[in-house]
Amino acid sequence: MSAYKDFAKANDEYVATFGDKGNLPLPPSKKLLIVTCMDARLNPYAYLGIKEGEAHIVRNAGGVAKEALRSIVISQRLLGTREIAVFHHTGCGMVTFDTPKLRALVKESDPDNAALARAVDDIDFLEFKGLEESVREDVKFLQENPLVLPGTKVTGWVYEVETGKIHQIV
């Protein structure tokens, strides 16, 4: 069964308690942007106590800052965010593969498709091996990146999927 078939009913329930959220301002009230993983087990709104309108949350595979940079520039320059928190997590799939192996897997799925091979060869999947090390590297990348506004507070964290706890690394 396709998940989309539940969307309308779930939306009706959401709308019933929507209140005046439609009047929230576009810029996030906490001037905060969070970069985190797309992992379905993570609910940063819940584990950080953030409500709608308070922060931008950018999600991608691994919560990789380099991939989030476009969104960070827009958030800072157009919407006023001045703080960035990077969250990686235990049990992340990004530590389970490397780019060459994933490229080979994709190519093997359709070996006669030259366009597919060229397309996947253009992607760096930005995997990492060490969890805390990857957090430190992402924080350093943002702190040193000229596209990130000077004076931006950048912190780095690990979320434990096993316990729900967070730990500051940087």
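Yes/no per residue for (1) closer than 21 Å to Ala61 by Cα; (2) surrounded by 16 or more Cβ atoms within 10 Å (Cβ to Cβ); (3) touching a Pro at 6+ places or on another chain (Cβ under 7 Å); (4) among the hydroxyl-bearing types (Ser, Thr, Tyr):
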site	(1), (2), (3), (4)
Leu131	yes, yes, no, no
Ser134	yes, yes, no, yes
Asp138	yes, yes, no, no
Leu147	no, no, no, no
Gly151	no, no, no, no
Gly156	yes, yes, no, no
Val161	yes, no, no, no
Ile169	yes, yes, no, no
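Could you tell me whether segment 44-64 includes any residue that is of a type outside the set (Phe, Trp, Tyr), in a helix (DSSP H, G or I) and farther than 30 Å from Pro146 by Cβ? The answer is yes; a qualifying residue exists.
Mind telling me which of the residues Gly63, Gly93 ends up being open to solvent by less than 20 Å² (accessible area, probe 1.4 Å), of a type in the set (Gly, Ala, Ser) and either modelled with pLDDT under 95 or under 29 Å from Gln143 (Cβ atoms) (or both)?
The conditions single out Gly63.
I'm checking my understanding of the structure. Among residues of segment 96-113 that are within 18 Å of Lys129 (Cα to Cα) and not acidic (Asp, Glu), which one is surrounded by the most Cβ atoms within 10 Å (Cβ to Cβ)? By that ranking, first place goes to Arg103.
Restricting the search to strands (runs of 3 or more DSSP E) fully inside segment 69-170 and requiring at least 3 residues that are of a type outside the set (Val, Ile, Thr) and at negative phi gives 83-89, 153-159. Has segment 6-22 got at least one residue that is open to solvent by less than 90 Å² (accessible area, probe 1.4 Å), closer than 29 Å to Ile84 by Cα and touching a residue at least 12 places away in the same chain (Cβ under 8 Å)? So far as segment 6-22 goes, yes, one or more of its residues are open to solvent by less than 90 Å² (accessible area, probe 1.4 Å), closer than 29 Å to Ile84 by Cα and touching a residue at least 12 places away in the same chain (Cβ under 8 Å).
The values are calculated or read from the model by the stated rules, or taken from the named source; none is laboratory data. Quick caveat: nothing in here was measured; it's all calculated off a predicted structure. Note that we place each Cβ from the backbone using ideal geometry, even for glycine, and neighbour counts take in every protein chain shown. When the accessible area is computed, the model is the full protein with side chains, heavy atoms only, and any ligands, DNA or RNA have been set aside. Shrake-Rupley method; radii C 1.70, N 1.55, O 1.52, S 1.80 Å.
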